[in-house]
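Only one structure is covered here, and it is reproduced in the block below.
The values are calculated or read from the model by the stated rules, or taken from the named source; none is laboratory data. Because the structure is predicted, anything quoted here is derived from the model rather than measured. Reconstructed Cβ throughout: ideal geometry from the backbone, glycine too, with neighbour counts over all protein chains shown. The accessibility values were calculated without ligands, DNA or RNA, using every heavy atom of the protein model including side chains. Shrake-Rupley method; radii C 1.70, N 1.55, O 1.52, S 1.80 Å.
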Amino acid sequence: MAILASLLFFPILLLILFGFNRAQYKKHNYPPSPFKLPIIGNLHQMGSLPHLSLQALSKKYGPLMLLHLGSTPTLVVSTTEIAEEVLKTNDLVFSSRPSFYAAKQLLYDCTDMAMAPYGEYWRQVRKICVSELLSVKRVHSFAFIREEEIASIVKEIRASCSISTVDIAKMFLTLSSSIISRVALGKKYIEVDNNGRNTFPDLARELPALLGAFSVGDLFPLFRWLDVVSGLDARLKRNFRGLDSFFDQVIEDHLIYKTGDVNDEHKDFVDILLHVQKESTTGIQISKDNIKAIILDMYVGATGTTAAALEWAMTELIKSPNAMVKAQAEIRSVIGRKMKVEEEDLLQMDYLKYIIKETLRLHPPGPLLIPHESTSSVMLQGYFIPPKTTVLINAFAIGRDATLWENANEFLPERFVNNPVDFKGNDFQFIPFGAGRRICPGISFVNHTMELALANLLYWFDWEFPGGENKDIDMSEAPGFSIHKKIPLHLIPTYHFS
């Protein structure tokens, strides 16, 4: 009888909720919405690459849409004007983050910087990251690490010249992982575990996929138990246990073996955070778990995104031989016959900077940015936006808006010649790193890595696509936390100075 009663009650409850939602919808002037299905709402319209699906929907329903993803109201922004309203005019209202199950499980209840809800804790953590970890001075202090790791990659490529192709995607992922490991943790962690357990690189590579994994409970809280049945819950717990154990050991090693002046410019992120914890001058208590969450943020934010952007840059250059030749001519003119490319040389490489800007315009690593959440109700473009609404900014659609960019889908680095538009959060037609309070604070770190890596590869080597038919390069994208090429790029290097 109890089971029968439940079966009868469930559809009645759905009808009540559906009727209530319709009444609420009529009460306020909400943004336009595509037709939605009962229960799942617009979930079926998202597709495997949501930024493309939402771009197509916005052309039909307008640049400000309200979707219903399960029980989650989701606002989609697709133009620069509305992005500016959200990220500047109403920045405070949209300054928080939605609570995702995977992020809570993996990022120590969202006590990292990227996913922490807006409030005093987030303000203090961001202050630490901006002033202590990612300041201009600190980023410059790690130049020797970037130079050493890139030199190592150059050496490996030179050894493979005329022997095999280079897996560009794998190479850049190894490079970015090595750099952030040394900067954040003090050394590279690439050793193989002989006991059959997952090593840190294995766990760290799985982390972005888990953070972006579909959780039934996020969209349908009543059905959270399905995340257990699907195995997602077990995967999250297994990954968390492995990373937590690893970071416990890293912190213990730093406490035992690290000595010297804490102001040493070569101190890694763990050193700095342990010092902040000890001094306790921030107004909040930084726990060991908070340190782990912040370090995870740095690793996830700087590894996959940097590797993806660099692979897209090389892809676009291979497809645009004139741009490749022009870039190599500039770099080789600046460097001459020096034995290494140094970061100070990058100041003279304007065309290289245009290439990186154009790559980020066409291929923002996080095309929908990290979701925002409204903290209170607000009027936007004459529409009512309720509190606790998830907000997606389609940076991909904005970067390819034909009303803002001539030949918007073409790779044309020259468009940035004498063009002051930049990606640092002040120009809302170009926001691959976001803008406003929640802008990514690691822009300088990522940009330095990209410029130096690309300059070295174009200085030392000439590159060809296997078979020589660059028009055959597949440009399709793979879904995920960072948008990579679906088919990894393989190229043939030739040492230029032989």
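Please verify whether residue 401 is within 23 Å of residue 438 (Cβ to Cβ), touching a residue at least 60 places away in the same chain (Cβ under 8 Å) and in a helix (DSSP H, G or I), treating the condition exactly as stated.
So residue 401 does not fit the description; no.
For region 136-229, list the helices (runs of 4 or more DSSP H) that sit wholly inside it and hold at least 2 residues that are among the hydrophobic types (A, V, I, L, M, F, W, C) and touching a Pro at 6+ places or on another chain (Cβ under 8 Å); which are they?
It comes to 168-185.
Please specify each residue of region 85-117 satisfying the condition of being in contact with a Phe, Trp or Tyr (Cβ under 9 Å, 6 or more places away or on another chain), open to solvent by 60 Å² or more (accessible area, probe 1.4 Å) and part of a loop (DSSP other than H, G, I, E, B).
Selection gives 92 alone.
Would you please name the residue that is surrounded by the most Cβ atoms within 10 Å (Cβ to Cβ), looking only at residues in region 234-247 that are touching a helix residue (DSSP H, G or I) at 6+ places or on another chain (Cβ under 8 Å) and free of Cβ contacts under 8 Å to residues at least 60 places away in the same chain?
247
Please indicate, with yes or no, whether at least one residue in region 287-295 is open to solvent by less than 20 Å² (accessible area, probe 1.4 Å), within 30 Å of residue 105 (Cβ to Cβ), in contact with a strand residue (DSSP E or B) (Cβ under 6 Å, 6 or more places away or on another chain) and of a type in the set (A, V, I, L, M).
The answer is no; no qualifying residue exists.
Any residue in region 63-71 that is open to solvent by 40 Å² or more (accessible area, probe 1.4 Å) and over 22 Å from the mean Cα position of the chain (by Cα)? It would help to see each step written out before you state the result.
Applying the first criterion (open to solvent by 40 Å² or more (accessible area, probe 1.4 Å)) to region 63-71 yields 63, 71.
Cutting the leftovers down to over 22 Å from the mean Cα position of the chain (by Cα) gives us 63, 71.
Looking for residues that are open to solvent by 40 Å² or more (accessible area, probe 1.4 Å) and over 22 Å from the mean Cα position of the chain (by Cα), one finds at least one in region 63-71, hence yes.
Can you name the number of the only condition in (1) open to solvent by less than 20 Å² (accessible area, probe 1.4 Å); (2) within 27 Å of residue 310 (Cβ to Cβ) that residue 414 fails?
Residue 414 satisfies all of (1) open to solvent by less than 20 Å² (accessible area, probe 1.4 Å); (2) within 27 Å of residue 310 (Cβ to Cβ) except (1).
Could you tell me whether any residue of region 444-460 is among the aromatic types (Phe, Trp, Tyr), touching a helix residue (DSSP H, G or I) at 6+ places or on another chain (Cβ under 9 Å), under 25 Å from residue 340 (Cβ atoms) and open to solvent by 20 Å² or more (accessible area, probe 1.4 Å)? First the steps, then the outcome.
Step one: list which residues in region 444-460 are among the aromatic types (Phe, Trp, Tyr), which gives 445, 459-460.
Then keep just the ones that are touching a helix residue (DSSP H, G or I) at 6+ places or on another chain (Cβ under 9 Å); that gives 445, 459-460.
If we keep only those that are under 25 Å from residue 340 (Cβ atoms) too, we end up with 445, 459-460.
Still in the running and open to solvent by 20 Å² or more (accessible area, probe 1.4 Å): 460.
The answer is yes; a qualifying residue exists.
Could you tell me which residue of region 336-367 is least open to solvent (accessible area, probe 1.4 Å), considering only residues that are assigned to a loop (DSSP other than H, G, I, E, B), within 24 Å of residue 141 (Cα to Cα) and without any contact (Cβ under 8 Å) to a residue 40 or more places away in the chain?
This residue is 338.
Which of the residues belonging to region 387-402 are closer than 27 Å to residue 350 by Cβ and open to solvent by 50 Å² or more (accessible area, probe 1.4 Å)?
If the condition is that a residue be closer than 27 Å to residue 350 by Cβ and open to solvent by 50 Å² or more (accessible area, probe 1.4 Å), then 402 is the only one that fits.
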